[in-house]
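This report refers to the structure that appears directly beneath it.
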Amino acid sequence: MIVLEILSRAPFLDGAEFGTTGAYERIVARAHGWLDAADPANAPIADLALAQRDAHGRIAWQSDVLILRPADAARGNGRLLYEVNNRGRVMIFASLCGGAPGNDPREVATLGDALPLRRGFTLVWSGWDAGAPRAGGGLGITVPEAVQPDGSPIVAPIREEFISGTRAGTLDGFPLAYDCATEDRARCRLSVRPRRDAPARTLSDWAFAGARRIALLPAGTRPDPGAIYEFSYPACRPRVLGIGFAATRDLVAYLRHDGAAAALLGRRMEHALGFGISQAGRYLREHIALGFNRDPQGRRVFDGVLTHVAGTGRLFFNTRFAQPGRTRTFHEDRDFPEIAFPFSTAPCTDPHAPGAPASLLRGDGSDPKLIETNTGTEYWQKGASLLHTDPTGTRDLALPATVRGYFLAGTQHAGKAGMPADPGPCRLPRNPHDPMAAVRALLVALDAWVSTGRAPPDSRLPRIDDGTLVPADRVAFPAMPGFIAPRAANSVAPLADWTAPAEAPGYAVLVPQVDADGNEIAGIRLPEIAAPLGTYTGWNLYAAPMPDGELADRDGIFLPFAADAAAAKASGDARLSRGERADPAPARAAIARALCDAGLLLAEDAARWTQAR
């Protein structure tokens, strides 16, 4: 059940027009929903039966909603594009369109080229994460707490991890995800270790700075950059976070099928697409696997889904005391749950729990058409090879006809326009390559697949059988100045108990092989990668004061070729120098035309290379 409360409705950006679609309206709303714990559609939600009820005995939730709809609905394409927000943030304009970050754009320029608006989509966002920050227009959701059957609070020991200088920036204290149930420091433990494989040292110089914060002592002491601080404590008042899955399901179903929603949007939505980047892509993988792509009436929610840079990941979300903002990489959040078999959409058997073959897909008519795009980072950090190999890493899998996978060669996790090329916290300069031209084409291809039945290009993935997918220690990197290869890729191994972590037996992780220039061979090679001026990777290594030599969280590398043969020889660079290579512009133009013909570039994006002078 959904009631949509409209908070504001106004012309978007003073009536600015976007291609043939024209102007848009911006609608800010709050969705009110109620769930039945006895409904089988809600059965996957952890602790739903323990959720507090409202005054009418119902399990209630409220979610922030943002809608951009064509002012003249007849000029739109009649399709709903739902972007799963990432930690409350709208990502599609900044990432896909070359625009600026922010949930409340005030200028047309901040939308970049506004591709989804020019294509006529009705865009929708809503809150699903109860812990997402709501400041600055962030999208969140309010869900009830879980309590004991007698109504008393739930208390349990949990652990959290904090690292200063990486994803969360420079920390001056440690914010807790949950209330601590005690002020007795003897029931808590703070420890630190410089690297994930180093022994932890217990710290006594700390204090509570409120119910949800601790700080190092003496006052003003800052954490060591890159060190792993771990706090174990008795937490209380967990929220039923998995309600976020049902909230998304029910909102999209309402917008697609309810008469009042059709009036609000100006027409009924013929199809719905789901789009998610990174955490949001992992959310969509979990949404499909848990069965939330079927609404309580048995209808498909998303007809098509595109996940970008999700790897094999799921979410630490639908669990008591979950912390969905975490994501497991080599150094950070390594001991938190994100790994869950099955990984692939192709059925395969878990070697550690033999049984019937299993797939990410449900096979019950609810599965969407699915496109998954990943970069080198996801192969080195997120086990992306397991999307298309068996769990032992010995054979390639054939993906279902309703699924496509694409490897974006030469790119890092957050690749988009304007990425930095300095070393940052890493040993070597970071990778500025922008892969979004390919992702844009694939979003358009997904739309055509859903709306007209025209299939997208065949998958482009590295493979075991042709030698383009190999163990990490068999990648044939050329000699390059200052270059050191990683010791290993991040493991893919589940945890039996995240509060006292110990990795269970893992699965075989493979990574893309490279050519003589050090660039990945397989996948979609955009013109800068296929006719390069240097080596691009999806991984980098930290430099001091970070844990020197450890695989960096999500950064890649760009190492330009030497200017000439003499400079290459003097520096020990085995790659051909720029002086020994032809002008790359003609080759890049030909590559762009070929990718456009293959449906892997839009004509408007191919022009960047075909019309270059």
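Quick look at the numbers
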read-out	value
Prolate/oblate/rounded label for the range 101-257 (Cα gyration tensor, a/c 1.5)	oblate
Restricting the range 361-454 to trypsin sites (Lys or Arg not before Pro) in coil, as DSSP defines it, with at most 12 other Cβ within 10 Å	ARG395, ARG454
Solvent-accessible area, 1.4 Å probe, carbon plus sulfur percent, for the range 41-151	51
Where the range 14-98 is the region considered: accessible area per residue in Å², 1.4 Å probe	37
Where labels lie 7 Å past Cα in the beta-carbon direction, separation of ALA563 and ALA398 in nm	5.5
Computed label-point distance, nm, for sites SER232 and ALA353 using a 7 Å Cα→Cβ extension	2.5
Cα gyration tensor shape for the range 463-511, rounded if a/c is under 1.5, else prolate or oblate	oblate
Computed lengthening from ALA43 to SER491, 0.36 nm per intervening residue step minus Cα-Cα distance	158.2 nm
Longest segment of the chain lacking GluC sites (Glu not before Pro) that sit in a DSSP loop with at most 14 other Cβ atoms within 10 Å	271-613
Cross-link reach list, aspartates and glutamates versus LYS569, counting only Cα pairs under 13 Å and skipping chain neighbours closer than eight places	GLU580
Residue-by-residue Karplus 3J(HN,Hα) for the range 121-129, coefficients 6.51, -1.76, 1.60, Hz, glycine and proline x	6, 8, 9, 9, 9, 8, x, 9, 10
Extension gain, ARG30 back to ASP422 (0.36 nm per residue minus Cα-Cα distance, nm)	136.9 nm
Beta bridges per DSSP with both ends in the chain, % antiparallel, nearest 5	70
HN-Hα J in Hz across the range 558-569 - Karplus 6.51, -1.76, 1.60, θ = phi - 60°, x for Gly and Pro	10, 10, x, 5, 5, 5, 8, 4, 5, 5, 5, 5
Vicinal HN-Hα couplings computed from phi for the range 380-394 (Karplus, 6.51 cos²θ - 1.76 cosθ + 1.60; Hz; Gly/Pro x)	7, 10, 10, x, 4, 4, 6, 5, 9, 10, 6, x, 8, x, 10
Other-chain or far-sequence residues with amide H under 5 Å of THR389's (modelled H)	LEU397
Radius 11 Å from Cβ of GLY410, net charge of other residues (Lys, Arg +1; Asp, Glu -1)	-4
The chain - mean residue ellipticity at 222 nm from DSSP helices (-39,500 (n - 2.57) per run, n ≥ 4, rounded to 500)	-4500 deg cm²/dmol
Mean Kyte hydropathy of -1.0 or more with a Cα span along the axis of at least 18 Å, helices from DSSP in the chain	243-257, 436-452, 584-597
Anisotropy class of the range 492-602 from Cα gyration tensor, a/c 1.5 cut	oblate
Neighbour cut-off at most 10 other Cβ (10 Å), DSSP loop, trypsin sites (Lys or Arg not before Pro), the range 78-111	ARG106
Inter-label distance, nm, simple model (7 Å from Cα along the C-beta direction), GLU145/ARG9	3.7
Enclosed volume per residue, in Å³, of the convex hull spanned by Cα atoms of the chain	161
The range 352-401-the range 506-547 distance, computed between alpha-carbon centres (Å)	21
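The values are calculated or read from the model by the stated rules, or taken from the named source; none is laboratory data. Here the structure is a predicted model, which is why all the values come from computation and not from measurement. Heads up, the Cβs are rebuilt from the backbone with ideal geometry, glycines too, and the neighbour counts pull from every protein chain shown. To get the accessible areas, we keep the full protein, side chains included, count just its heavy atoms, and leave off ligands, DNA and RNA. Shrake-Rupley method; radii C 1.70, N 1.55, O 1.52, S 1.80 Å.
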